Amino acid sequence: MAYHKGHKKGGSGGKLGKSNMEHYDDSEKIKAHAKKIRRLEDRDMEQQFTSAFIATSGHLELIYDETDVNERPKKRPKTGRRNTNLSYMTRDQFDAILKKIQDRKTQYYYFRDYYAFQLLGYLIGIDGMEVGKIKKTAFGKLLNAPAVKSITATLGDGLLTREMLINNLSPGQLCFVLSLDEWGDERRWHSYYHQTSRPGYNLVVQLNFSDQHDKQYRKLITLADEHPFEYDLHPISKDKNRTLAWARIDMAEDMSYVLIEEIQSDWIRLAENRITLAETIMETGDGEVVVGQTEIKRRNIEKEKHEHYLRTVLKPYTSIWEEAMLSSVIWLLKEKLGVNTFYYHTHEGGTLLKGIDFGKKPPTSIYTKLPRKFCFRLTNEPPAFIANRVKELEAKNRVKIKFYKLDFAEFTCIKYNSPP
């Protein structure tokens, strides 16, 4: 994903906090090495971002789609094309969304396959529906989810009711805290920098851990000013609850349909791949850093705590975070805003619309397996607010841009709340 709005040009990818270094060594030399390693950690992203620029008339200028909503820049690169006629979510529209949602923080409970309970609940309503009829709908595949199968195994084609779903909720629910944020800019837009399909704001829904996780996390992972599994240039919560994942959503002015731009988690990736900063310095140092036996012992203790955290505390979240993120977005927007139509990028279409045509692409599974699991269907119909841009890109690249679409307007739906 692109950099956070607070990013400063030439930055190293975030401040060096105390959490990674204060219990090892406070010397200036060690701190200098720490900063160097943090820069190396984000080298790929820095290189991708920097390579999106070219030298033009003695200064740097974007070669990708660039739009200034209020004025056309005096100079433009020959290799790029600006479009100043794009619609966008304004500050007033964004504030209206927040006002309608009202609760900036909401608890949300989740267990594996709960998305199937939630979607079936919207479909069958208070009166329920015969399993045979459910099989003929777009939601028929939800009956194959293991948690649902255990309920319908004895029903045959009989009646599935909402009470059956509620009475079979898993006792091992994970508690999350949903919070809201913003992403984007109303005046300036760079498709690769912001990784959005059009200018303006995105609504960010943050899936945050609750104390159910955080109390154990604090005991095992040494904390100070920073958290080792966060990337603070991304739209993460700044409150006490740490952000497991987030989704960015663009929305029609009348709030009738949305485009899910992105779903992502830094926490899972960094927790699984990052060893402690001090160990990194020891392994990649140039020989100037001398590590004594006491330091090595201390680092080994930290490593053991880290591995224990991965095996026990974080493990329940690693296999369900994608499900929980998309499920919570659908629940929040449908319940709070009455959204019935959800669009979702395909992998190919999303990378083209966001200008991600070099470097590392987003994970394929999040833009293929995940929407299909939730019964999204492929469509040639784009969200209306980017229809013109889609048409231009299709003509320019000689491709057909497809989207996933989930339309609840096809069914008679009722509100179905998150489990208590």
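FYI, it's all coordinate maths here, none of it is from the lab. What you see is a predicted model; the values in this text were computed from it and never measured. Counting neighbours? That spans all protein chains shown, and the Cβs are built from the backbone with ideal geometry, glycine included.
Brief remarks on what is shown
- Residues GLU130, GLU322, arranged from fewest to most other Cβ atoms within 10 angstrom of their Cβ, appear as GLU130, GLU322.
- The charge dipole of segment 114-167, taken about its Cα centre with unit charges on the Cβ atoms of Lys, Arg (+1), Asp and Glu (-1) only, comes to about 220 debye.
- Segment 114-167, relative contact order in percent, only Cα pairs under 8 angstrom and at least six apart counted: 49
- One decimal place: the segment SER319-LEU337 gains 3.6 nm when fully extended, by the rule 0.36 nm per residue minus the C-alpha distance.
- Modelled spin labels at LYS369 and ASP407, positioned 7 Å past Cα toward Cβ, are 2.9 nm from each other.
- Residue order, fewest to most beta carbons within 10 Å, for PHE229, PHE111: PHE111, PHE229
- Under the convention that each Lys and Arg Cβ holds +1 and each Asp and Glu Cβ holds -1, the size of the dipole of segment 92-137 around its Cα centre is about 120 debye.
- Where trypsin sites (Lys or Arg not before Pro) fall in DSSP loop in segment 333-383, at most 10 other Cβ within 10 Å: LYS360
- Estimated from the Cβ-Cβ distance and a Förster radius of 22 angstrom, the FRET efficiency linking LEU155 and ILE126 is about 0.80.
- Efficiency of FRET between ARG398 and LYS361 - r from beta-carbon atoms, R0 22 angstrom, step 0.05: 0.65
- ASN167 versus GLN107: modelled label distance in nm, points set 7 Å from Cα along the beta carbon direction: 2.5
- The reciprocal of the average 1/r between distinct C-alpha atoms defines the Kirkwood hydrodynamic radius, which for segment 114-167 equals 10.7 Å.
- Subset of LYS99/LYS336; LYS149/LYS402; LYS238/LYS369; LYS136/LYS334; LYS354/LYS402; LYS361/LYS391 violating a 20 Å alpha-carbon distance limit: LYS149/LYS402; LYS238/LYS369; LYS136/LYS334; LYS361/LYS391
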